[in-house]
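Below is one structure; the comments refer to it alone.
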Amino acid sequence: MSETSGRKRHTRRPGTGLSRRGMLLGGAAAVAGMTLPARAAVRVADLRGTIDAAEFGIRPGAADDQSSLMQQAIDAAARRGRALFLPGGRYTVANLRLPSGTKLVGLPGQTRFDYQGGGHLIYCEKAKSVGIEGIHFDGGNRSIGEYAPALLHFADCQDVAIEGCTVTGSTKTGLALDRCSGRVAQSTISGARLAGLRSVEATGLAITGNHVHDCANGGILVHRWREGDDGTLVSNNRVERIFARDGGTGQNGNGINIFRAHNVIVRGNRVTDCAFSAIRSNGGSGIIIEGNSCLRSGETAIYSEFAFQGAVIAGNLVDGGAIGISIANFLDGGRLATCSGNVVRNIVDTGPYPAEVQGFGIGIAVEADTALTGNVVENAARIGLHMGWGPYLRDVTATANVLRDCPIGVAVTVVEGAGPALIANNMISGASQGAVLGHRWKEATTDDLTHGDAAARFPHLSVRGNFVR
């Protein structure tokens, strides 16, 4: 008997090498790249194990309030352990609460929740494993209740995942997370009256790949009520046009702002056109600020200030600002840093308020227990490197830096009580007022300390091997 006898041979026509399962999966994949009618989109959602929102009478584009129906659908989907799929269209809702296990899935750019006012849009408290994907949340600049800090508010939640969403038109903060873990990724937040995104006392949070822009008082905020370990990762975000409409001298107007949060990593972000700092860390010990592009800042582009211990500021590009990089406030305990491999240029001598302390127009300023090495500063309006302030200087080295076209290459304090500083092997070019000058507070009071033995009368200084031209 032949191999094929006794059973039916299956044949297929040439060029039709697709199984029924392959056709279904291929069709589902194709939906992601095209606009389909709502029912077709729901059929794809069914294949993915989601629940059809229409099952609960929810209708995209309906003019009436759908909050009650939406809440029923959210609760039912969470109980069943399934995602709730919302086809493209507008949903007029308010005061929604997300229980543990909630998963909301929309069509990016098409599924919209329009806040109708009266409290908040989304609130989630003490929940686990909550996800939102592909939904546009529009606050419509409508009033948010006094109890709510943001249009979307998550508190004491574990494993929050907000991906591919858009948040616009909040009269407070766009998205607030209090004591949360999880991630906010590939989302856009704009038009917030306060900050775009605010995290307080995170418990393991990643903020990555987002676009935060045109917010009135802050971009991305990582704060703590009490200082402590935070460990938030802020990476590869684009932050643009952050204003300071509530004024102040630095509490507002920052692209990325770290406050009392320790061991935060700020890496690979592009931060432009901020009223104050591109990246500002206040009291953040163990901060790493690395590989960021900071353009056209209104005040200090990169700031590590007040009571911090330990900062790594490396490989950043700063173009534009009133101070390029400042590692400051030894008086308040600010100390211990490396500042290496940064490019700082085009620093002006005017800022958003009348100049205080050492003033503006400074490329890089440091005070205590800091190594400055391998940086390039070009075209700072007043000073390339500023070392110390009055007696507040200790154990600072400035080596192998390139300083170009700054009227004063290095300004170092010679006030009584100042600690040791080494200024060696730097290339200083085009310093019209002096390569290295001793300062008493704001005033230059010495001749160029690179000439002969001019530095010998200041035993706390070692100035040697610098190439001046």
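Laid out as a table, the results:
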item	result
Point-to-point label distance, S143-K442, nm (Cα→Cβ direction, 7 Å offset)	4.6 nm
Rounded to 5, the percent of DSSP beta bridges in the stretch 102-468 classed as antiparallel	5 percent
Between helix 67-80 and the chain: long-axis angle, C-alpha atoms, 0 to 90°, nearest 10	80 degrees
3J(HN,Hα) from dihedral phi, the stretch 52-57, Karplus parametrisation 6.51/-1.76/1.60, rounded to Hz, x for glycine, proline	7, 4, 4, 4, 9, x
Nonlocal amide H pairs with G88, under 5 Å, H built at 1.01 Å	L107
Contour excess over end-to-end distance, with Cα ends at Q158 and T249 and 0.36 nm allotted per residue	29.3 nm
The stretch 102-468: radius of gyration and largest Cα-Cα distance (Dmax), Å	22.0, 74
Rounded to 10°, Cα long-axis angle of helix 20-31 versus longest principal axis of the chain	50 degrees
Among S129, I323, N282 - extreme Cα towards positive end, dipole of the chain, charges at beta-carbon	S129
FRET efficiency for R82 and S293, using Cβ-Cβ distance with R0 set to 45 Å, rounded to 0.05	0.60
Residues in the stretch 110-129 reached by a label modelled at R97 [backbone nitrogen below 12 Å; 7 Å Cα→Cβ]	123-127
N425-F467 pseudo-label distance in nm [points 7 Å out on the Cα-to-Cβ vector]	1.2 nm
Straight-distance crosslink candidates among aspartates and glutamates, where the alpha carbon sits under 15 Å from K442 and sequence neighbours closer than 8 are dropped	D349, E356, E367, E416
Residues W441, W389 arranged by fewest to most Cβ contacts within 10 Å	W441, W389
Angle between the chain longest axis and helix 38-47 axis [Cα atoms, degrees, rounded to 10]	90 degrees
Those aspartates and glutamates that a straight Cα-Cα span of less than 17 Å connects to K126, excepting residues fewer than 8 apart in one chain	D75, D156, D159, D178, E201
Per-residue HN-Hα couplings for the stretch 148-157 [Karplus 6.51, -1.76, 1.60; θ = phi - 60°; Hz; x = Gly/Pro]	9, x, 7, 4, 10, 10, 10, 9, 6, 10
The chain: calculated mean residue ellipticity at 222 nm from DSSP helix runs of at least 4, using -39500 (n - 2.57)	-2500 deg cm²/dmol
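Coordinate-derived values only; no laboratory data. If you're wondering where the values come from, they're calculated on a predicted model, not measured in any experiment. When we count neighbours, we look across all protein chains shown, and the Cβ atoms used for this are built from the backbone with ideal geometry, even at glycine.
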